[in-house]
Amino acid sequence: MTRLVRIALIVVAAAACSPAGPRGAAANDAGPGSNGMMDGAGYTVTVRDLGDGRFGVDYLLADAQSALIFSRSSGDYRVGAWSPVGSGVQLERLHGFDALLFDAPRTEFSLIVEPRFVSPQGDYSPYVGFSDGSLAIYTGQFEVLAVADTGSIAALDGNLGAWQGEQYTMGVRILSDRRMVFDGEIVDGSVEHTARGNGAFVYLGDGEITARRSYVGVLDRGLPTWVLEAMDDDMESIFETYETRWQHPLEERAVLYFAYGGDEQGGYSNKGSVIDRSILMSSSGQAMSEPSPDLRTYLRWFFAHEVAHQFQNLRGQGSGTIGESWIHEGGANTMATGLVAQMLGEAGPDYLSATYAREYAQCLPVLAAGPLETAHLRDQSGGFYACGALIGLVIDAATPDGDIYTVWLAMQALSEQRDEQRSRALFFEAAGQAGVDADLIAHLDRLIDGGADDPAAQLRRAMDMAGLAAEFDDNNQLITLQQP
Ligand SMILES: [Zn+2]
C-alpha cells in the first residue's frame, strides 16, 4: 500500500513536479502491435488521434478490475464527451468522481473521446486549444485508480485522499498523423511516457515552433501582434537576467506553450501551469486586442515567476513539504517582482511598492488565522505566495553584500551536500551563512510555526530590521515601501 501521489496544480504555479516522469520515447512505430503494455507501467493508455477531432482511447490493465475512478475528476467534463465502445462498460458521475463501471471484471476497454476545453479549478486543463485548431493534451487526465464497486466510491465521499490501494505507474502512448511536440522535441507518429500522479502536455498540430537560445515552444500565431512582439523582447531578457542572478544558465531549454483563446469574451482571463521544464499559458479576452502596458507587465511577471522555478529546481534535492512551499512560491514571487521592477525602469519603484502592498494585504489574514506552515490546511494556500514573497523581500534586503539569490544558491549547495530537500531549516541556515542577522531570522521563523503573539507586528519588525522603509495606514495596511 502506498500513499496516493497527486501532483496538485496551483494556478500561476505548480510546485516542483513529479521527478518520476515524463520519459520520452520517440519512435515512428504506430503500427499494429504498438498498443501493448509499456515497459515499467502497471497499465497502459493508448490515445489514437482519429483525425476528425476525436480520440480513441484504449486501456490495458495488468489485473482485471470491476470499477475505476479517474484521479482527476474535477470539472465533470467526461460524461457526455467520452463514450465507451461496446457493451458492459458505463461511464458515470458518482459522488464527485468520474467512474468507469464494468458488468464483469476486465483488463481491456476502449472509449471514444471528444475533447472538452474546460478549465477545472485547481487542476490542469485536460486540453488546451490553439487558434489554428491545434491542441495540447494533458495526459494526467487518463490516470485511473481501482475501486471495488459503487459502494466504495460512495464511501470516499468525494475525497480522493481517502482512497486506498496501489497507485500504479501509467504508461501513455499517443498515436497521431499530426506533428507532435513533446518535451521540447518534434516527434512523428508516437509519443510515449510514464507518469504517476501527474502527466505531461503533448502538443498536436502544425503551429510554428519558436526556438530561442533559452526556450523552445509553440506561441499561438493568432495571438495579437503586440503580445507576440512583447514575448520576443521579454522572454530572452527574463532568462538573461536570471542567468546573471543565478550565475549560470539552465542546463536544458525551457519548453513554452502559449495558446490564445480569442477576444470574444470581455476582460482578460488566463491560466498558467508548469510541469517540469514545460510552461503552459492560455490567455483570452478583449483586453488583449489593444496593446496594454498593464497586461504586458502581468505577462512578464507570470513568466518570470515560472522561469524562477526552473532555476530553483536546477540544483539540490527539490522542494520540501507543502507547508514549506512559501520557500519556492514566495521566492519566485520575490524574484519575479524584482525582475519586473527592473524591466520597468523609472516606473519600477512604484510597481514594487504596489505589488508588496497587495502581498501584505493578502498575507496578514493568513497569519492572523494561524501559522504559515499550516495555511493549506485552512484553505489559505495563497499565503505561501503572499507571505512567502514578504519573507523573500526581507531576506533580499537583509543579506549583506548579497540578495535572495545569494541565499538560494547557499541553500541549493546545502541541499546537494547533505542530500536533503529544501526546507525551512535549510533556508534559514543558508540565510545565516549569507550573513543575515540571527535575530531577524528568528523573527521570520516565528511567523511560520505560529510562535509570534502578534504576527503583524512581528512582520513589520522584520521589515524594519531589514532596512525596508514602509508606511502603513490606520488599518495596518501597507501603503508604500522603499527598498534600502
Ligand atoms: Zn509558482
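We did not get these values from a lab; they are worked out from the coordinates using the rules stated. The structure presented is a predicted model; accordingly, all values stated were derived computationally and were not measured. We place every Cβ from the backbone using ideal geometry, glycine too, and count neighbours over all the protein chains shown.
Some values worked out for this structure:
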read-out	value
Order of Ile112, Ile391, Ile69 under a 10 Å beta carbon neighbour criterion, fewest first	Ile112, Ile69, Ile391
Over 45 Å [Cα-Cα, the chain], rounded percent	15
Förster radius 60 Å - calculated FRET efficiency between Asp103 and Gln433, Cβ distance, rounded to 0.05	0.40
Charge-dipole axis of the chain as Lys and Arg at +1 and Asp and Glu at -1 on Cβ define it, positive-most pick from Val118, Thr244, Leu68	Leu68
Relative contact order (percent, whole number), the chain, Cα cutoff 8 Å, 6+ residue spacing	13
Sites Gln121 and Ala64, calculated FRET efficiency, Cβ-Cβ separation with R0 22 Å, nearest 0.05	0.05
Footprinting exposure proxy for Glu290, Glu236 (fewest neighbouring C-beta atoms within 10 Å first)	Glu290, Glu236
Exposure proxy ranking, count of Cβ atoms within 10 Å, fewest first, for Arg296, Arg179, Arg378	Arg378, Arg179, Arg296
Placed amide H near Ser131: partners under 5 Å, 5+ positions off or other chain	Gly222, Tyr260
Contour minus Cα-Cα distance for Ala81 and Ala148 (0.36 nm per residue)	21.7 nm
Percent of C-alpha pairs per 10 Å bin, segment 322-482, short to long	11, 42, 37, 9, 0
Net charge dipole size for segment 210-297 [Lys, Arg +1 and Asp, Glu -1 on Cβ; Debye, nearest 20]	220
Charge dipole (debye, nearest 20) of the chain; +1 at Cβ of Lys and Arg, -1 at Cβ of Asp and Glu	800
Rel. contact order, % - alpha carbon contacts under 8 angstrom, at least six apart, segment 322-482	27
Leu256 long-range amide H proximity, modeled H, under 5 Å	Val216, Gly217, Val218, Ile279
Highest to lowest packing among 473-483, 442-452, scored as the average C-beta count within 10 Å	442-452, 473-483
Linear extension gain, Ala456 paired with Glu346, 0.36 nm per residue minus alpha-carbon span	36.5 nm
Stretch gain in nm, segment Arg213-Gln417, where the contour uses 0.36 nm per residue and the Cα spacing is subtracted	70.4 nm
MRE, 222 nm, helices only [DSSP H, n ≥ 4, -39500 (n - 2.57), over the chain, to nearest 500]	-10000 deg cm²/dmol
Per-pair calculated FRET efficiency, R0 = 35 Å: Tyr298 and Asp401 via Cβ, rounded to 0.05	0.60
Net dipole in debye of segment 336-459 [+1 Lys, Arg Cβ; -1 Asp, Glu Cβ; about Cα centre; nearest 20]	300
Between segment 303-338 and segment 179-244, the alpha-carbon center distance in angstrom	21
